[in-house]
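Have a look at the structure below before the remarks.
The values are calculated or read from the model by the stated rules, or taken from the named source; none is laboratory data. Since we're looking at a predicted model, the values are computed, not measured. All Cβ positions, even for glycine, are placed from backbone atoms using ideal geometry, and neighbour counts span all protein chains on display.
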Amino acid sequence: MKKIILVLILVLVASYFFFNRTPALTTSISLEEHTQDTLVLVNRDYALAHDPKNLTAIPKNIAQNVQIREHYTVQQTMLAPLKQLFAAARADGINHFTINSTYRSGRAQQQLFDNRGEAYAQPRGHSEHQTGLSLDIGSMQGTMDATAEGAWLAQHAHEYGFILRYPQGKEAITGIAYEPWHFRYVGLPHSQLMYEKNWTLEEYLENLQSTQKYTKKIADKHYFVQYTTAQKTARIPDATSVSVSQDNRGGKIITTFLN
Ligand SMILES: [Zn+2]
């Protein structure tokens, strides 16, 4: 009996180290080739340098529980996660979403700022909508702070790579009042960690800069996240996929999906 317990303990300890160890960095990659920039920080202090290139229209039939009245574009990379998000909500009986705003060009943003003023809009380069990674989601049945649509998203968006970008109580950090409708795509595992730690994007990037790396298991997938200030190349583990994002603060984040 004692032997069995001892073996069990050894197996547990060994698997803990196996799954939490830093993987060996065996492969060299060009940082420019894998750029997706899904973690780019845009706020009052950090401006977006360029409008995104890989924009695509949200199909009107992306999901049966979403009303899409206009031509809305987003970055291609978030379209599949967005579809999964709405499908999961529908499976939970949440059926009355609308999309109210997505990508705005730098020029459109400047017009909005000129016409409506700084109490309503950010100047060119300082709105997250210009990244093509943000969207304002509404409910047909009321405001997002008082409907099932808002409650469901606040609870589940992170499972699909999205974060509630301007939460309550974080106004001093984000510089923006609580917006229960504004969601930002950052991808997994980043959204999961931000949700667990109750971190805004600002706080997450700062923490990542000091910790430099972490491994994260979500469902049965293993992710490895690295922070680097290297410009051209970096060493990564043996991985099935890799994506690189500049953080817009002088660093880059490499996300690898391990075998
Ligand atoms: Zn918004």
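Okay, here's what the table says:
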quantity	calculated
Residues located in segment 157-196, provided they are closer than 18 Å to residue 131 by Cα and among the small types (Gly, Ala, Ser)	161, 175, 187, 191
Filter result for residue 124 (within 12 Å of the ligand (Cβ to nearest atom) and on the phi < 0 side of the Ramachandran plot)	no
Test result for residue 191, buried (at least 16 other Cβ atoms within 10 Å of the Cβ), within 15 Å of the ligand (Cβ to nearest atom) and not acidic (Asp, Glu)	no
Which numbered condition residue 177 fails, given (1) crowded, with 18+ Cβ neighbours inside 10 Å; (2) in contact with a helix residue (DSSP H, G or I) (Cβ under 8 Å, 6 or more places away or on another chain); (3) not acidic (Asp, Glu)	(1)
Verdict on residue 199 being under 20 Å from residue 162 (Cα atoms) and within 16 Å of the ligand (Cβ to nearest atom)	no
Search result, residues across segment 223-259 that are surrounded by fewer than 18 Cβ atoms within 10 Å (Cβ to Cβ) and under 15 Å from residue 192 (Cα atoms)	257
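Residues are listed down the side, and each one gets a yes or a no for (1) away from the ligand (no atom under 15 Å from the Cβ); (2) at pLDDT 95 or above; (3) closer than 17 Å to residue 91 by Cα:
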| site | (1), (2), (3) |
| --- | --- |
| 134 | no, yes, no |
| 137 | no, yes, no |
| 141 | yes, yes, no |
| 145 | no, yes, no |
| 150 | no, yes, yes |
| 155 | yes, yes, yes |
| 161 | yes, yes, no |
| 166 | no, yes, no |
| 174 | no, yes, no |
